[in-house]
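Accompanying notes for the structure given below.
The values are calculated or read from the model by the stated rules, or taken from the named source; none is laboratory data. Computed from a predicted model, the values in this text were never measured in an experiment. Because the Cβ atoms are built from the backbone with ideal geometry, glycine has one as well, and the counts that use them run over all protein chains shown.
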Number of protein chains: 2
Amino acid sequence: MINAVGRDIPEEIIKATGMQPFKGSFARNGEEYKKAAPTVRPRIDPTESKLVDSIADVLKKCGIRDGMTLSFHHHFRNGDKVVNMVMEEVHKMGIKDITICASSLGSAHAPLVPMMEDGTITNIQSSGVRGAIGEAISNGKLKGLAIMRSHGGRVRAIESGDVHIDIAFIGAPTCDEYGNMRANGGKSDCGVLSYAYVDAQYADKVVAVTDTLVPFPNLPASISQVNVDYVVEVDEIGDPAKIATGAAKPTTDVRKLMMAKYTTDVVVNTPWFKNGFVYQTGVGGASIASTKYLGEIMRERGIKMGLGLGGIAGPMCNLLEEGLIEKLVDTQDFDLTAIHSVATNPNHFEITGSEYANPMNKGAYVNRLDYVILASLEVDVNFNCNVVVGSDGVISGAQGGHPDTAAGAKCTIVITPLLQGRIPAICDECTAITTPGETVDIVVTDYGIAINPRRQDLIDCLKKTKLPIYKIEELRDMAYAITGKPEKVQFGDRVVGVIESRDGTIMDVVRQIKPYEWD
Amino acid sequence: MINAVGRDIPEEIIKATGMQPFKGSFARNGEEYKKAAPTVRPRIDPTESKLVDSIADVLKKCGIRDGMTLSFHHHFRNGDKVVNMVMEEVHKMGIKDITICASSLGSAHAPLVPMMEDGTITNIQSSGVRGAIGEAISNGKLKGLAIMRSHGGRVRAIESGDVHIDIAFIGAPTCDEYGNMRANGGKSDCGVLSYAYVDAQYADKVVAVTDTLVPFPNLPASISQVNVDYVVEVDEIGDPAKIATGAAKPTTDVRKLMMAKYTTDVVVNTPWFKNGFVYQTGVGGASIASTKYLGEIMRERGIKMGLGLGGIAGPMCNLLEEGLIEKLVDTQDFDLTAIHSVATNPNHFEITGSEYANPMNKGAYVNRLDYVILASLEVDVNFNCNVVVGSDGVISGAQGGHPDTAAGAKCTIVITPLLQGRIPAICDECTAITTPGETVDIVVTDYGIAINPRRQDLIDCLKKTKLPIYKIEELRDMAYAITGKPEKVQFGDRVVGVIESRDGTIMDVVRQIKPYEWD
């Protein structure tokens, strides 16, 4: 069945998953549904302790068995030790057929690959699967399906009951003996625990895993004791050097600086750039450079950002400190500056993943965005974006908040160099679609920008500027003129992954790769 | 059927309500259950506004109809204007058979009485019903049943689905247009919105009612936008003069000062009085005086309270400011000092009603109490307490956190003068039971104290002190010697109210009063 972004979704996948093909970004607006709920064990007896000696013991107490769904968060990023620590014990116990439901997985989790091969792990649900796990999935090593969800889409899936978490393992930089968790004050600070909040609310069993047990009560708690069954103290939940980076060096790449300049020119020449505007940006070189340019213009014109949101890095915190941003709401910290800021600046707030981006709650922060600055691996001539599947066909990225913020923002700007290496980033058809073009307004490349023809208002604003504006087909032609029209990636038949739309429908499927064959 | 506190629960009430008789304070510990969940309408479309012009309009948008359950919080106490404002519109529309599910109701809500009489309101669920509503219920004016719940019990009832809220109306001192509510910064500050949190999570429709609309985002929000459907701005949500009192004058009543002294002597002579102890107290004259005495001894001995919790009044905030208390967690503010403190002192935290006292979550703050100091209208010789029904048989009090904290604390101290006016407070049998004696450890009267024989550890500690320790039967005898043995209140047959145990079972029933008849 052809969905609303023109992708052919195989009937057998629709049947196997019970999911509908994507019908449009706002098709489910107002569609009432009953939320899911966990089965919980109350603790009325005040003398009961939550402390458990080891991961193995807590798995037994939680009744670990074949076929369960275990969840994890990714706030420790590439420094995470919790996923592997838990899964090693599960593996040792000989448990099979586990579904991993993680907010994201990365290169730290390569040790899961052998567990995929031996049937310990048979399904993976994640924002993305970078590194060895992505390769393994694309090579057909997972018995079941990988479901790739946006950050908002994951909350929706859990809150709606599309996925039910049996046991949530929440790595906590600090935790007290009654389960109050914070992301600050320990050996492996990660700033916020935003993405784990929904796990704590909806999992039947919730386990806090910490390497820094602190006195009760650990306040203000990101995750509250009332949702926590057990607390396990371990040696190390993370590798601080890999959780957060230091300050990013400003880029000197001329192409990136040019894209940053174009991006800022778009922002400052559109009507939402005024006192109190709401803004989100990423952590790529061009995004960070554009934040710097934007700050300069804000200073010049005396314009303040009312709110910055999403994953946060140092440059936004610096503008907050300077008073050019009034408030930040934060779901993920990319560097030490951000981790420090959220712990100390009273105008820098942690929010939950649902508050950030869940499309099926009563109104998420992304709905309030004036601007979002995103990156993309590929953008097709219908402005559809791909941030999950490499142009070689291998799963290597993550949806993150990409489709969430694109749908919410009044002006969605996607930055991509015209060529990613020797591959055209502007193309006839993306290798896969993660973000529908109807929610993408402007594409910024190093060769010029293209405005979605659906947005005549933006065309009218920007045609008065000196920005090099092209039709997106013209940008594609420029790219193809340099590299030639790229050959399509050749996939096998088996579907190994589903790219889920934030509303729970199927945006696209990902098939097993096969070695390139000459015609 | 006779329940675990010896009360005869009529079969027809067990049948009509589907509730079980009380089986003991910890009988349901570990009894797994599936939580309830609301049916929600998602707001994916970022252009939708939540602002609605009037209470009447929002009732229509929420689909108000006969038989619905509407919920309210009581943080505005006797200054509340929200309940009456909403119910007047409901009444005008001719809607019938409404269940009011409030965290509490008080004298401000006398205008509901005619609505009980004409069938607009047929059921009331509340912590308590002081004033005219209590009298009306006791006089049989409510067609259905009044269910009186503790603060923790109300959260449990909502979370377990025993009551399903169709529309929650949440009065918010400040709110932004997207529904982020705070209890500070407006015309009718109430400090915290703790008891309304569960309403926002579990009601199908959630309406913010505010008189102070502030710029988005109103942070840190007590109630988040993600759970709010509509925002209505009205002239006045409360009468500030009646929401909070000024500083309470220290009592000069010699009996109260004596009870305060006994209470403090109990605390400081028991083993939990050491650095880091966890404590809750009330706002009666004796409680406040005992906080003052306790502070003096803490200063002398260099002992700090780790945590104070519950409803908070000025004296506890003063100890926090002084550094004698490390942290306060707060569910209700009784005076202006407390409202100011929670807004400004970084060690004074708002917690939810569930965090405070819900017996059926994974561990509430009450479970961590070392001491709780409570008051009671009556205490029987089995240490059972009554805080809801006056000795004249009329519903005139509220459970509040009484049974919750009693069950959680290591040492539960109940203060009551031996005689309440001319009525013995220590008696053979309470007019009604709200708090089971198995959770009450020490009764402090102006004539001496009694220790529950279940607590040999406390008897051993305190017999070494100069405290005037009696058997509770001796205290009863002293009371009866002064007033004579009181006549039992004469009730009619009809059950008008259920005193629900915090775990959802029936602690007691309340019958319609009838005019006194001479034998």
Among the numbered criteria (1) more than 16 Å from B:ILE303 (Cβ to Cβ); (2) outside the structural domain of B:ASP204 (by TED's automatic domain parsing), which single criterion is violated by B:VAL267?
(1)
Consider B:ASP392 against the criteria (1) of a type in the set (D, E, K, R); (2) at pLDDT 95 or above; (3) within 24 Å of B:GLY497 (Cα to Cα): it satisfies all of them except one. Which criterion is unmet?
(2)
State the number of residues belonging to the stretch A:44-64 that are facing another protein chain (nearest Cβ under 10 Å) and free of Cβ contacts under 8 Å to residues at least 24 places away in the same chain.
5
Looking at (1) closer than 15 Å to B:ASP380 by Cα; (2) assigned by TED's automatic domain parsing to the domain that holds B:PRO417, which is the one condition that is false for B:PRO468?
(1)
When you scan the stretch B:215-236, do you find a residue that is modelled with pLDDT under 95 and in contact with a strand residue (DSSP E or B) (Cβ under 7 Å, 6 or more places away or on another chain), even just one?
no
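Without any contact (Cβ under 8 Å) to a residue 60 or more places away in the chain and closer than 22 Å to A:LYS274 by Cα: is that true of A:VAL414 in this structure? Lay out the reasoning, then the answer.
Working: without any contact (Cβ under 8 Å) to a residue 60 or more places away in the chain: yes; closer than 22 Å to A:LYS274 by Cα: yes.
Spelling it out, A:VAL414 is indeed without any contact (Cβ under 8 Å) to a residue 60 or more places away in the chain and closer than 22 Å to A:LYS274 by Cα.
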By residue number, the members of the stretch A:405-424 that are of a type in the set (A, V, I, L, M) and under 13 Å from A:ILE449 (Cβ atoms) are A:ILE413, A:VAL414, A:ILE415, A:LEU418
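In the stretch A:210-222, which residues are more than 11 Å from chain B (Cβ to nearest Cβ) and either buried (at least 24 other Cβ atoms within 10 Å of the Cβ) or among the charged types (D, E, K, R) (or both)?
We begin by selecting, within the stretch A:210-222, every residue more than 11 Å from chain B (Cβ to nearest Cβ); these are A:210-214, A:222.
Correct list: A:THR210, A:ASP211, A:SER222.
For B:PRO417, state whether it is of a type outside the set (A, V, I, L, M), at pLDDT below 95 and touching a strand residue (DSSP E or B) at 6+ places or on another chain (Cβ under 7 Å). Talk me through it step by step, then tell me what you get.
Details: of a type outside the set (A, V, I, L, M): yes; at pLDDT below 95: no; touching a strand residue (DSSP E or B) at 6+ places or on another chain (Cβ under 7 Å): yes.
No, not satisfied.
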Return the total of residues in the stretch B:368-390 being within 11 Å of another protein chain (Cβ to nearest Cβ) and crowded, with 24+ Cβ neighbours inside 10 Å.
1
Does the stretch A:7-29 include one or more residues that are surrounded by 15 or more Cβ atoms within 10 Å (Cβ to Cβ), touching a Lys or Arg at 6+ places or on another chain (Cβ under 8 Å), at pLDDT 95 or above and within 20 Å of A:CYS101 (Cα to Cα)?
no
Is it fair to say A:GLU88 is out of contact with any His (no Cβ under 9 Å at 6 or more places or on another chain), within 14 Å of another protein chain (Cβ to nearest Cβ) and without any contact (Cβ under 8 Å) to a residue 40 or more places away in the chain?
no
Selection within the stretch A:113-165 - at pLDDT below 95 and part of a strand (DSSP E or B):
A:GLY128, A:VAL129
In the stretch A:187-209, which residues are in contact with a strand residue (DSSP E or B) (Cβ under 7 Å, 6 or more places away or on another chain), among the hydrophobic types (A, V, I, L, M, F, W, C) and within 12 Å of another protein chain (Cβ to nearest Cβ)?
A:ALA200, A:ALA203, A:VAL206, A:VAL207, A:ALA208
Pick from A:ARG77, A:ARG7, A:ARG28: which is within 14 Å of another protein chain (Cβ to nearest Cβ), touching a residue at least 12 places away in the same chain (Cβ under 8 Å) and out of contact with any Leu (no Cβ under 6 Å at 6 or more places or on another chain)?
A:ARG28
Extreme residue, nearest to A:VAL372 (Cα to Cα), among residues of the stretch A:296-349 that are of a type in the set (Gly, Ala, Ser) and part of a loop (DSSP other than H, G, I, E, B)
A:ALA313
Scanning the stretch B:471-519 residue by residue, those touching a residue at least 12 places away in the same chain (Cβ under 8 Å), loosely packed, with under 15 Cβ neighbours inside 10 Å, of a type in the set (Asp, Glu) and not assigned by TED's automatic domain parsing to the domain that holds B:GLU438 turn out to be B:ASP493, B:GLU517
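Out of B:GLY408, B:GLY393, I need the residue that is assigned by TED's automatic domain parsing to the domain that holds B:LEU294 and under 30 Å from B:SER222 (Cα atoms). Which one? Steps first, answer last, please.
Numbers: B:GLY393 fails: under 30 Å from B:SER222 (Cα atoms).
Only one candidate passes the filter, namely B:GLY408.
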With the checklist (1) of a type outside the set (Asp, Glu); (2) within 14 Å of another protein chain (Cβ to nearest Cβ); (3) out of contact with any Leu (no Cβ under 7 Å at 6 or more places or on another chain); (4) over 23 Å from B:VAL495 (Cα atoms) in hand, flag the one item B:ALA409 doesn't pass.
(3)
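Can you tell me which of B:GLY67, B:GLY94 is within 26 Å of the chain's Cα centre (by Cα), in a loop (DSSP other than H, G, I, E, B), away from chain A (no Cβ under 14 Å) and farther than 26 Å from B:VAL388 by Cα?
Working: B:GLY94 fails: within 26 Å of the chain's Cα centre (by Cα).
Just a single option satisfies the conditions, and that option is B:GLY67.
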Of everything in the stretch A:311-366 that's polar (S, T, N, Q) and away from every other protein chain (no Cβ under 14 Å), which residue is farthest from A:SER126 (Cα to Cα)?
A:ASN318
Going by what's in this entry, would B:THR281 be described as under 24 Å from B:HIS402 (Cβ atoms), under 19 Å from the mean Cα position of the chain (by Cα) and hydroxyl-bearing (Ser, Thr, Tyr)?
yes
The stretch B:136-156 - residue that is under 27 Å from B:THR405 (Cα atoms) and surrounded by fewer than 24 Cβ atoms within 10 Å (Cβ to Cβ) and, of those, farthest from the chain's Cα centre (by Cα)
B:LEU145
Given the condition more than 26 Å from A:SER501 (Cβ to Cβ), in contact with a Lys or Arg (Cβ under 6 Å, 6 or more places away or on another chain) and crowded, with 22+ Cβ neighbours inside 10 Å, answer yes or no: does some residue in the stretch A:67-89 qualify?
no
Any residue that is within 19 Å of B:GLU88 (Cα to Cα), in contact with a Cys (Cβ under 9 Å, 6 or more places away or on another chain) and not charged (D, E, K, R) - is there at least one of those in the stretch B:210-222?
yes
Take the conditions more than 14 Å from every other protein chain (Cβ to nearest Cβ) and among the basic types (Lys, Arg) and apply them to A:LYS261. Does it pass?
yes
